[in-house]
Amino acid sequence: MTRLSLALTAILTLTLPPAAQAQDNTPSLLIRPETSLTLRPNVELTVRPEILRDLRLTATQIEQFLRAHPELDKEAKPLPDGRIQLPPDLVEGARYGLEKRMAIAGHGQVFDIEGRPIKIDRDEAAKLLSDIQEVALLERRASKLPEMEGMDQLIEITKILEEVRSLRDLDETNRLYAQYLTIRAEAQMLEDSRRAALLWRAEHLSRLLFPRPEIEAVLRPDLIRVKLRLSDWIISLLTQTDYMRSCGAEDVPVPPDFSTNSSKWTFQGNLASTLIVQGKTAAVYTYASPSVRGSCIALPRGPGGTTDVAGVICQSAETGKACFWDNLEKGTGDIIPFGNNAVIKIRDMQDATELSLNCTGCHQGNNVFNISPDDPTWCRLLRGGQSGANCNALSGPNAANFTTEVDPGVLPLSVPGTMPPVLHSRYTPLSGSPARPGWVNNTAPGCGGACHLGPNGAFTPPPMPPTCGANCN
C-alpha cells in the first residue's frame, strides 16, 4: 500500500456492533476512544463520518499500525529509488533461486526479490530456463496427476520430449527449446498457482532465447512436430470460446477480432505517457457495441512485431464485470504480431482463464482501466465532448454506447471526505468459473492520485484532476 492508500484506509471501519468488535482477536487500531478499526479480509466496510474530521491524525496512526502488522499489508509498494517493495506473501513464498531472481513481472519488466528491475542476458536466460525445467520435473513427479481430458496424450508428449532431451547431437538452441517445451508440458499437470509461476518465467525467457520468426528455421523437424502437437493439445483443452460467451452473458461487450485497420476498432490517439513499456508508442483503440453499454479498449504498443504486446480489456457499464485478453497465443504463449494490418483473432488470444500474469495486480478500482484525464487521449475516452472537459469527442461507430464508467449502485463504496457521500462503483474481473484465486478487485475506498478507489498497483499514473468526486470516472 502507498502512503496515500494508508490515509484512505484510515477512514474505514467495520459494520459490526461494538460487542462483536470487542470479541474479535484480530489486531485492531484505536482511532478515537469510541471507535476502533479492525483490518480483516472479505469484510463489508463503510465510512464512519465522525472519523473524517481527524483524517490527518488517522493517517499517521494507520501507517504506524501497518508497520507493526506487516502481515496485513498485501500490496506492492513503489519506492523512491525505483524499486518496488514486494508483498510479504510473495517474498516468503519464494522456494528457489530462480524465484528470487525473477520474483514478479508486468508488461515485460521483471523485478528480483529485492524489488529491483533486472536485465537478463542470454547466458543467464539459458541457465534460468534449465533451472525451471528441473523444478517442473521435480514438482510434477512429486504431485498427483490431475484428472483432465486428454491426460494420456499429454503423458505421451512428455515421453517424446524426454527422448528428445536425451539425444546427444542437439545444438544449444534445440536443447533449450526442448527444455522450454518440457516446461510447458509438465506444468500443465501442476496445480494452478505453480503452473502459472513456472510458465510466466519460461515464457519471458523464451522471448530472449528464441527470437521469432528466426527460431523456426533452426528447430529440428521432430521438435517442431512436438511443438505443434503440444499446441494442439493445449488449444483443444483451453480454447475458451466459453469465456467469450460468459463475458457476453454478463453484459460485457465481446470484442471483434483486432486489427489496426479494422472498421470495428477505432483509433483514438497515442498516449503521451507510455506506462510501463518505455520507448514504444502506446496506441489506443476502442470498440463500442451496438447493443451493450460499456467499453472495449485495445492498447497495442510498438509497431506490432514478435516482441510487441497488445492487451484488450472490456467492461460492462451495467454489471461492472470486466474481461481480459493478451496477444499471447493459446497453447504456445508466443506473441501474436499485429503489425502490417495483421488480424489477431480474439479466440486465439490467452484470456483471464489462462493468463499466467494476474492482471488485477494493477487493474484495481472503480473501473478496470488505469487511465488519466491529463493525457489527451484518455481524456477523450473519459469525457470527450463534455462541456468544460476540453477533450475532443470520441469517434467511431456506436460511440453513444461507449463508457468507461460502471453504473451507480454496482458494489458502491463512499468516497472519503465527501459530504453528502459520493459513491463510486467497483468493477468485478471475470476469470472463469470458479474464479481463479487472487483475481479480485478489493481496493479500499478513496480517491488516490488517480481517481480510482485506491492505488493502481506498483506504478503511479500522472495526477488525475479535477478534485476526486467532482468529475472522476
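Quick note: the coordinates plus some simple rules give every number you see, no bench work behind them. All values reported here derive from a predicted model rather than from experimental measurement. Quick reminder, even Gly has a Cβ in these numbers, built from the backbone with ideal geometry, and neighbours come from all protein chains shown.
Per-residue Karplus couplings for the stretch 364-372, computed as 6.51 cos²θ - 1.76 cosθ + 1.60 with θ equal to phi - 60°, are listed in order as 10, x, 6, 10, 7, 8, 8, 10, 10 Hz, Gly and Pro entered as x.
Once fully extended, how much extra length lies between ASN261 and ARG225, figured as 0.36 nm per residue of separation less the alpha-carbon to alpha-carbon distance?
Details: separation 36, 0.36 × 36 = 12.96 nm, distance 3.38 nm.
This chain segment gains 9.6 nm when fully extended.
Segment SER387..ASP232, full-extension length gain: 50.5 nm, with 0.36 nm per residue of separation and the alpha-carbon distance subtracted. Grouping the Cα pair distances of the stretch 120-238 into 10 Å bins from zero gives a pair-distance distribution of 13, 48, 34, 5 percent in increasing distance order. Annotation for the stretch 310-363 versus the stretch 162-206: alpha-carbon center distance of 23 Å. Amide H contacts under 5 Å for GLY269: VAL284, restricted to partners 5 or more places along the chain or on a different chain, H placed in the peptide plane at 1.01 Å from N. If you plug the beta carbon distance of ALA342 and ASP112 into 1/(1 + (r/R0)^6) with R0 = 35 Å, you get a FRET efficiency near 0.50.
For the stretch 242-356, the extents of the C-alpha atoms along the principal axes are 37, 32, 26 Å, listed from largest to smallest. Here the gap between ARG122 and ARG141, fully extended at 0.36 nm per residue and compared with their Cα-Cα distance, gives a gain of 4.0 nm.
May I ask which of LYS100/LYS280; LYS127/LYS330; LYS100/LYS144; LYS159/LYS227; LYS321/LYS345; LYS127/LYS227 have a Cα-Cα span longer than 24 Å here? Before the final figure, lay out each step's value.
Numbers: LYS100/LYS280 28 Å; LYS127/LYS330 26 Å; LYS100/LYS144 26 Å; LYS159/LYS227 13 Å; LYS321/LYS345 22 Å; LYS127/LYS227 21 Å.
From LYS100/LYS280; LYS127/LYS330; LYS100/LYS144; LYS159/LYS227; LYS321/LYS345; LYS127/LYS227, over 24 Å: LYS100/LYS280; LYS127/LYS330; LYS100/LYS144.
Each residue of the stretch 375-382 was assigned a 3J(HN,Hα) from its phi angle through the Karplus curve 6.51 cos²θ - 1.76 cosθ + 1.60 (θ = phi - 60°); the sequence is 7, x, 6, 5, 4, 4, 6, 6 Hz, with glycine and proline shown as x. So, R0 is 30 Å and r is the distance between the beta-carbons of GLU134 and ASN442; what FRET efficiency does that work out to, to 0.05? Efficiency, from the Cβ-Cβ distance: 0.25. In sequence order, the stretch 133-139 has phi-based couplings of 4, 4, 5, 4, 5, 4, 6 Hz under the Karplus curve 6.51 cos²θ - 1.76 cosθ + 1.60, θ = phi - 60°, and Gly or Pro positions carry x. In this structure the amide hydrogen of GLN85, modeled in the peptide plane, comes within under 5 Å of the amide hydrogens of LYS77, LEU79, none closer than 5 places in sequence on its chain. Each of LEU223, LEU170, LEU198, LEU79 was scored by other Cβ atoms within 10 Å of its Cβ. Arranged with the fewest first, they read LEU79, LEU170, LEU223, LEU198.
For CYS391, the residues whose amide H sits under 5 Å from its own are GLY385, GLN386, ignoring neighbours fewer than 5 places away on the same chain, with H placed 1.01 Å from N.
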